[in-house]
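The values are calculated or read from the model by the stated rules, or taken from the named source; none is laboratory data. Quantities reported herein were computed from a predicted structural model and do not represent experimental measurements. Only protein heavy atoms, including side chains, enter the accessible area calculation; ligands, DNA and RNA are left aside. Shrake-Rupley method; radii C 1.70, N 1.55, O 1.52, S 1.80 Å.
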Amino acid sequence: MRLLPVALALSLASCGGGAPAGLPTELTVVVNAPFSAAPWVADAIERGTRLAAEEINADGGIETAGERYTLAVRTMDTGLSPQRAVENVRTAVADGVLAIVDEGTGVDASWEVARDADLPIGIVFQGGMGLVDHEARPNVFRIAPTDRGIAFRYAEYLVPKGLRIAFLHDDTGYGQEGAAALRRAFECCPEAVEEDLTIPADGDPAPHVLE
């Protein structure tokens, strides 16, 4: 997880004042992720963020403009709710946090809240192409690969093998964005795709896999 140094460089550039010489100021990085709805995603993001913060702190923190800073990590649960994700960002802004490490839910709305507070958001999971735009969303960054990049590499790997390929994707935003990227990647050779099925996110995929 190397998103933190990027976010910190952007944030600390605007920090003024600070602690007395030799006493570092503690700054908070928020992990905004679906801890209750998708813990396998959220826990991995939190562990990576904490590891990065621990490594930075072990090296003495970050020094800029004659001041030293150490990092603390705080978690906020989105529950995969865009509305809750935006409310979390509003809370983070009000609390004066340094940066947000985000799974991606709600970024379409929360980026403006963060931008108005000069707060960087780093997306580390969702790969939708529209989430990051250097000109339109200058405070949003990505460390995760895009759906498009993965889909095209997947097509390059599978098509020459002559396999019968089936796309199974769920009906969440993740699934729909991923399916769209795969369809674009396989436009050159649609004959390679036998099935393209949408299944409920809360259903059992086993029958569809067997089919």
Notebook entry, point to check: Highest GNM mean-square fluctuation, the chain, Cα pairs closer than 10 Å: which of GLY104, GLY149, GLY128?
Noted result: GLY149
Next item on the list: Would you kindly find the accessible area of GLU187, with a 1.4 Å probe and non-protein molecules such as ligands, DNA and RNA excluded, rounding to the nearest 10 Å²?
Entry: 130 Å²
Check: Taking the chain as a Gaussian network, Cα atoms linked when under 10 Å apart, which of ALA99, ALA38, ALA166 shows the biggest mean-square fluctuation?
Finding: ALA166
Item checked: Shape call, the stretch 77-126: gyration tensor on alpha carbons, a/c limit 1.5 -> prolate
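Please say if the stretch 41-103 is rounded, prolate or oblate, where rounded means a/c under 1.5 for a ≥ b ≥ c the square roots of the C-alpha gyration tensor eigenvalues, and otherwise the choice is prolate for a/b larger than b/c and oblate otherwise?
Working: a/c = 3.91, a/b = 1.61, b/c = 2.43.
Oblate, since a/c reaches 1.5 and b/c is not below a/b.
Can you give the calculated 222 nm mean residue ellipticity of the chain, where each DSSP H run of n ≥ 4 adds -39,500 (n - 2.57) and the sum is split over every residue, rounded to the nearest 500 deg cm²/dmol? All intermediate terms of the calculation are to be shown ahead of the outcome.
Details: 7 runs with 83 residues, N = 211.
Counting only the DSSP helices, I get -12000 deg cm²/dmol.
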Check: To the nearest Å, what is the center-to-center distance of the stretch 158-211 and the stretch 66-134, using C-alpha atoms only?
Finding: 31 Å
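How big is D, in µm² s⁻¹, for the chain by Stokes-Einstein at 10 °C and 1.306 mPa s if Rh is the Kirkwood radius over C-alpha pairs?
On the way: Rh = 18.9 Å.
For these conditions, the coefficient is 84 µm²/s.
Averaged per residue, what accessible area in Å² does the chain show with a 1.4 Å probe, protein chains only? Provide the component values of the computation, followed by the final result.
Details: 11370 Å² over 211 residues.
Heavy-atom SASA per residue in the chain reads 54 Å².
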Note to self: Could you report the accessible area of ASP204 in Å², rounded to 10, computed with a 1.4 Å probe on the protein chains as they sit in the structure?
What the structure shows: 100 Å²
Notebook entry, point to check: On the accessible surface of the chain, probed at 1.4 Å, how many percent belong to carbon and sulfur atoms?
Noted result: 53 percent
Checklist line | Among ILE100, ILE165, ILE121: highest mean-square fluctuation, GNM of the chain, C-alpha pairs under 10 Å | finding: ILE165
Margin query: Between helix 147-158 and the chain, what is the angle of the helix's C-alpha long axis to the longest principal axis, kept within 0 to 90° and rounded to the nearest 10?
Written below: 40 degrees
Margin query: With every atom except the alpha carbons ignored, what do you get for Rg and Dmax of the stretch 116-201, in angstroms?
Written below: 15.4, 52
